[in-house]
Amino acid sequence: MARMTLAIHPALYTIHSFSPDTVIPADVFQQPMYFIGKTKDEVSVVVPSTLKLDSLEQEDDWRCLEVLGPLGFSMTGILANVSGTLADVDISIFAISTFDTDYILVKSNTLVATTKALKKKNYQIIDY
């Protein structure tokens, strides 16, 4: 398999939690990148930290690493390998998958340790 490359996005991100009946603020949809997940229990929104939202709870100060793709659906174990590598060095992640690729968010204070651990496993890390 070719050497996997992850690109570090420059922005800081915030993960917000809302009640499931919340109407998503229109400003969210104007962001260069955002993620929304909804279940019967909650709505999670990930946006650049420059956008302030009035959420029930929020987790600030996340950095985003993008697995450079597109990744075909036949490719297996990518997220498991990245998350396992980071779990081995006690780094928590917030993972997001799209049709084309995966995104791994880590707290900004763990970014140096994250890149070090991934490079030891032969991942290429670049700036986005």
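The single condition among (1) modelled with pLDDT under 95; (2) in contact with a Lys or Arg (Cβ under 8 Å, 6 or more places away or on another chain); (3) among the charged types (D, E, K, R) that Arg3 does not satisfy is (2). Only a single criterion out of (1) at positive phi; (2) at pLDDT 95 or above is not satisfied by Gly77, namely (2). Restricting the first member to the range 14-33 and to residues that are outside any loop (DSSP other than H, G, I, E, B), and the second to residues that are of a type in the set (Asp, Glu) and surrounded by 12 or more Cβ atoms within 10 Å (Cβ to Cβ), the beta-carbon pairs closer than 7 Å and six or more apart or on different chains are Thr14/Glu59; Thr14/Asp60; Ile15/Glu59; Ser17/Glu42; Phe18/Glu42. If you scan the range 18-40, which residues turn out to be small (Gly, Ala, Ser) and within 21 Å of Asp102 (Cα to Cα)? Within the range 18-40, Gly37 is the sole residue that qualifies.
In the range 48-73, what count of residues is obtained for those that are of a type in the set (Val, Ile, Thr), at pLDDT below 95 and surrounded by fewer than 16 Cβ atoms within 10 Å (Cβ to Cβ)? Walk me through it before giving the result.
Looking only at the range 48-73, we keep the residues that are of a type in the set (Val, Ile, Thr), and these are 50, 67.
Subset that is at pLDDT below 95: 67.
In the following step, the residues that additionally are surrounded by fewer than 16 Cβ atoms within 10 Å (Cβ to Cβ) were identified as none.
So the count comes out to 0.
Counting only strands (runs of 3 or more DSSP E) that sit wholly inside the range 57-128, those with at least 2 residues that are of a type outside the set (Asp, Glu) and in contact with a Cys (Cβ under 6 Å, 6 or more places away or on another chain) are 102-107. Within the range 106-128, being surrounded by fewer than 18 Cβ atoms within 10 Å (Cβ to Cβ) and within 21 Å of Ser49 (Cα to Cα) holds for Lys107, Ser108, Asn109, Leu111, Val112, Asp127, Tyr128.
Among the residues of the range 34-47, how many are part of a strand (DSSP E or B) and open to solvent by 70 Å² or more (accessible area, probe 1.4 Å)?
Residues meeting the conditions: 2.
Considering the conditions (1) part of a helix (DSSP H, G or I); (2) closer than 30 Å to Val23 by Cα; (3) of a type in the set (Val, Ile, Thr), Thr50 is excluded by exactly one of them, (1). Against the definition (under 20 Å from His16 (Cα atoms) and surrounded by fewer than 12 Cβ atoms within 10 Å (Cβ to Cβ)), how does Thr76 come out, yes or no? When the stated conditions are applied, Thr76 does not pass them. Look at (1) closer than 30 Å to Asn81 by Cα; (2) open to solvent by less than 30 Å² (accessible area, probe 1.4 Å); (3) out of contact with any Gly (no Cβ under 9 Å at 6 or more places or on another chain); (4) not aromatic (Phe, Trp, Tyr) and you find that Gln31 fails only one, number (2). Just one of (1) open to solvent by less than 60 Å² (accessible area, probe 1.4 Å); (2) out of contact with any Asp or Glu (no Cβ under 6 Å at 6 or more places or on another chain); (3) more than 17 Å from Arg3 (Cβ to Cβ) fails for Tyr103. It is (2).
The values are calculated or read from the model by the stated rules, or taken from the named source; none is laboratory data. Source: prediction; values computed, not measured. Because the Cβ atoms are built from the backbone with ideal geometry, glycine has one as well, and the counts that use them run over all protein chains shown. Please note that ligands, DNA and RNA were not included when accessible areas were found on the heavy atoms of the full protein model with its side chains. Shrake-Rupley method; radii C 1.70, N 1.55, O 1.52, S 1.80 Å.
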